[in-house]
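Written out below as structure tokens is the structure these notes cover.
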Amino acid sequence: MIVMMNENERRLAFVCLGALASIYGLQSHLARSIPHSISSAGIVIAIEAAKTVTATAALLLSGNGAIKKAFSNTTSTQLALAGIPAVLYMVQNLLMAFASRHVDGATFAALVQTKILWAALFAYLILGEAQTRKQLTAISALGAAA
């Protein structure tokens, strides 16, 4: 899928990608600087709450009834089904927060990079979705780099 962006959107995308890369790079260091008396679960819940507030603020600031548009055709079943991956993602974040406190930075970074490898493997094993030759080449290169 090709996404057409104007120059301002492209700049914003690069800023966001840079911020995301910085967060991943600093994650292990930041996790170590938080006192062990603060639980990993508390940290993850605070981060998820901050994401929710940020996303809601972005919708509110965009105007034009963005929140109403976002939920106008959404059923309660769709919201419930969306909750399943959200909970799984939060559990993943909890496990990553726990792991980042117990392994060195290089090991943690390498393990984070293997998420794509595992996702591809389980997509094949569970869903039966085979990767193309190009995708397998990219996944192999990623595995070798990790």
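Subtracting the Cα-Cα distance of Lys134 and Phe71 from their residue separation scaled by 0.36 nm leaves 18.9 nm. Here the spin labels are modelled as points 7 Å beyond Cα on the Cα-Cβ line, and at Arg101 and Leu142 they lie 2.8 nm apart. Averaged over its residues, the chain has an accessible area of 77 Å² per residue, based on protein heavy atoms and a 1.4 Å probe. In the chain, the portion of solvent-accessible area held by carbon and sulfur atoms comes to 71 percent [1.4 Å probe, whole percent, DNA, RNA and ligands not counted]. Dipole magnitude for the chain: about 120 debye, using +1 per Lys or Arg Cβ and -1 per Asp or Glu Cβ, origin at the Cα centre. What the Cα atoms of the chain give is an Rg and a Dmax of 18.5, 48 Å. What residues from the range 121-146 fall in the zone where the backbone N is under 18 Å from a label point 7 Å along the Cα-to-C-beta line of Ala110? Output list for this probe position: 140-146. When Phe98, Phe108, Phe14 are compared by accessible area at a 1.4 angstrom probe, the order from most to least is Phe14, Phe98, Phe108. In this structure, Leu117 and Ala41 have a Cβ-Cβ separation that, at R0 = 25 Å, corresponds to a calculated FRET efficiency of about 0.40. Over the residues of the chain, the helix contribution to mean residue ellipticity at 222 nm works out to -27000 deg cm²/dmol, using -39500 (n - 2.57) for each DSSP H run of at least 4. Model label sites at Ile34 and Ala13, defined 7 Å from Cα along the beta-carbon direction, differ in position by 3.1 nm. Please compute the Kirkwood hydrodynamic radius over the range 72-146, one decimal place, Å, based on all pairs of different Cα atoms. For the range 72-146, the Kirkwood estimate is 14.8 Å.
The values are calculated or read from the model by the stated rules, or taken from the named source; none is laboratory data. On a predicted model such as this, the values are computed, not experimentally measured, just so you know. Note that each Cβ is placed from the backbone with ideal geometry, even for glycine, and that neighbours are counted across all protein chains shown. In case anyone asks, the SASA skips ligands and DNA or RNA and just uses the protein heavy atoms, side chains included. Shrake-Rupley method; radii C 1.70, N 1.55, O 1.52, S 1.80 Å.
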